[in-house]
1. If you check LEU81, LEU53, LEU13, LEU32, which single one turns out to be on the phi > 0 side of the Ramachandran plot and of a type in the set (A, V, I, L, M, F, W, C)?
2. Under 6 Å by Cβ, and 6 or more places apart or on different chains, what pairs join a residue from the stretch 31-52 that is more than 19 Å from LEU74 (Cβ to Cβ) with one that is among the basic types (Lys, Arg) and in a helix (DSSP H, G or I)?
3. Name the one entry in GLU97, GLU14 that is out of contact with any Phe, Trp or Tyr (no Cβ under 6 Å at 6 or more places or on another chain), in a helix (DSSP H, G or I) and surrounded by 12 or more Cβ atoms within 10 Å (Cβ to Cβ).
4. Output the residues belonging to the stretch 28-76 that are in contact with a Leu (Cβ under 6 Å, 6 or more places away or on another chain), buried (at least 18 other Cβ atoms within 10 Å of the Cβ) and in a loop (DSSP other than H, G, I, E, B).
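Just so it is clear, none of the values below were taken in a lab; they were calculated from the coordinates. Worth saying up front: this structure is predicted, and the values here are computed from it rather than measured. Positions of Cβ are backbone-derived with ideal geometry, glycine not excepted, and every protein chain shown enters the neighbour counts.
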Amino acid sequence: MSSLHSLRLASLLEGASLLLLLVVAMPLKYGLGLAIAVRVAGTVHGLLFLVLLSVASRAYFERAVTTRSLLRVLGLSTVPLGFLAAERLLRREADREHRCP
């Protein structure tokens, strides 16, 4: 699996975990008093964010993404639904990679 493909996957998983944390776990905690939901979802999200950072650094050092794209992807990872914009950006990077030898 290429580092760019790995970055796309890590970004999608991290974004989905953020949505799970905000849309499912937080209402469970504050609506039903189930604090364990945030603890579990928050832990998973934190681990996936660390994976995203690791994969992003690998992609950067292998020159699969530009500095600007890397910073945009990492910035978008902090915004709910930002992973959708990051996916579009990374898809364009992948298209450029396939066109240029």
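1. Within the list LEU81, LEU53, LEU13, LEU32, the selection yields LEU81.
2. Note: pairs meeting the criteria are ALA35/LYS29; ALA37/LYS29; VAL38/LYS29.
3. After ruling out the rest, the residue left standing is GLU97.
4. ALA64 - this is the single residue of the stretch 28-76 that is in contact with a Leu (Cβ under 6 Å, 6 or more places away or on another chain), buried (at least 18 other Cβ atoms within 10 Å of the Cβ) and in a loop (DSSP other than H, G, I, E, B).
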